[in-house]
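Throughout, read-outs are computed from the coordinates displayed, never taken from laboratory work. Note that the structure is a prediction, hence the values are computed from the model and not measured. Heads up, the Cβs are rebuilt from the backbone with ideal geometry, glycines too, and the neighbour counts pull from every protein chain shown.
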Amino acid sequence: MKVSGFTFIRNAILYDYPIVEAITSILPICDEFIVAIGHSDDQTTALINSINSPKIKIIPTVWDDTLRAGGRVLAVETDKAFAAIASDSDWCFYIQGDECVHEKYLPIIKEAMELNLPNKKVEGLLLNYLHFYGSYDFIGTARKWYRNEIRIIRNNKNISSFRDAQGFRIDERKLNVKKIAASVYHYGWVKHPEKQQAKAETFNKLWHSDQWVEKNIPKVSAFDYSMVDGLKRFTESHPAVMKNRIAAINWEFTVDPTIKKMKLKHQLAGYIENLTGWRIGEYKNYRIIK
């Protein structure tokens with residue numbers, strides 16, 4: 001069984017993406033790793049080269065910043081990396097620049113790949129998600145945080161990245177997937193407030209016009225993390241690759257997780273979810289099969 005990792009990135013240093021941690025978190029179970037690096041205003045390519053692994057293959061790209069509808073450019077860049085994967089790979093492990101996988105899950109993931117490889121009906125593997133917010137000590141609990149997504153797909157070039165690169169489809173059809181007992185740790189909302197604000201101003205331009213960003217994104221020096229609608233404290237361990245980044249945290253984030261800043265209907269829906277496990281109206285970009 002051959003496994004290829006793939007990702008895309010641009011301006012990783014400028015916007016403080018943990019891309020090195022993302023790549024190295026899954027590199028042990030990958031036979032090759034494709035990194036599509038968009039033209040950057042920093043030393044992103046040198047950063048990726050610093051990983052110093054013969055598994056890594058860099059694909060230079062140029063982002064089409066006119067593709068603003070729904071963040072389409074992110075899917076286009078994902079597809080560029082996917083297209084460069086070796087033809088003899090069986091599984092393709094996708095990870096974004098602000099995601100990591102805990103090392104405790106790597107044996108589980110590899111076993112799931114081996115187990116499902118002969119079953120051609122399984123087009124991908126579905127992973128759980130933990131969304132960290134404000135610091136490494138809290139995870140989001142509100143309905144806006146997606147609970148699962150496809151991160152492992154077969155090396156089938158009929159598969160393509162969907163919408164803003166959240167998941168994958170074949171044309172418009174949802175992939176048939178198996179859900180596995182492994183999680184992705186999403187750190188996209190854990191940055192110094194100044195870095196998070198800079199990201200918000202730039203990143204929203206991948207979805208919206210300059211005029212929309214000017215009107216809707218506050219012109220402030222630091223991101224306001226207090227506007228959150230539900231958190232709980234994280235008491236387990238982080239991936240080992242995140243150790244140095246966590247130790248270097250240089251801002252404070254304080255919050256009372258018992259305070260829920262959400263509408264009553266969302267609190268009620270959350271109560272039902274906690275009681276039954278059912279998330280009312282949950283969007284699912286996949287079809288789970290047995």
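Three semi-axes describe the equivalent ellipsoid of the chain; taken as square roots of 5 times the Cα gyration tensor eigenvalues and ordered largest first, they are 28, 24, 20 Å.
Prolate is the label for segment 1-112, because the ratio a/c of its alpha-carbon gyration tensor axes (a ≥ b ≥ c) is 1.5 or higher and a/b is greater than b/c.
For the peptides 109-121, 137-149, the ranking by mean Cβ contacts within 10 Å, running from highest to lowest, is 137-149, 109-121.
Three principal axis extents of segment 48-155 based on alpha-carbon atoms, in descending order, are 40, 36, 33 Å.
If you count the DSSP beta bridges with both ends in the chain, what percent of them are antiparallel, to the nearest 5?
Values: 21 of 47 bridges.
Expressed as a percentage, antiparallel bridges in the chain total about 45.
Residue 156 to residue 114: FRET efficiency via 1/(1 + (r/R0)^6), r the Cβ-Cβ distance, R0 22 Å, to the nearest 0.05? It comes out at approximately 0.75. When all alpha carbon pairs of segment 180-242 are counted in 5 Å bins from zero, the resulting P(r) reads 4, 13, 19, 19, 18, 11, 9, 5, 1 %. Computed extension gain for residue 51 through residue 121, at 0.36 nm per residue and net of the alpha carbon distance, reaches 21.6 nm. Averaging the Cα positions of each part gives two centres, and for segment 192-222 and segment 54-82 these lie 21 Å apart.
Each eigenvalue of the Cα gyration tensor of segment 162-202, multiplied by 5 and square-rooted, gives one semi-axis; in descending order these are 30, 17, 3 Å.
In a fully extended conformation the segment linking residue 58 and residue 86 would gain 8.8 nm over its present Cα-Cα distance, using 0.36 nm per residue. A simple spin-label model places pseudo-atoms 7 Å from Cα toward Cβ; at residue 65 and residue 284 they are separated by 4.0 nm.
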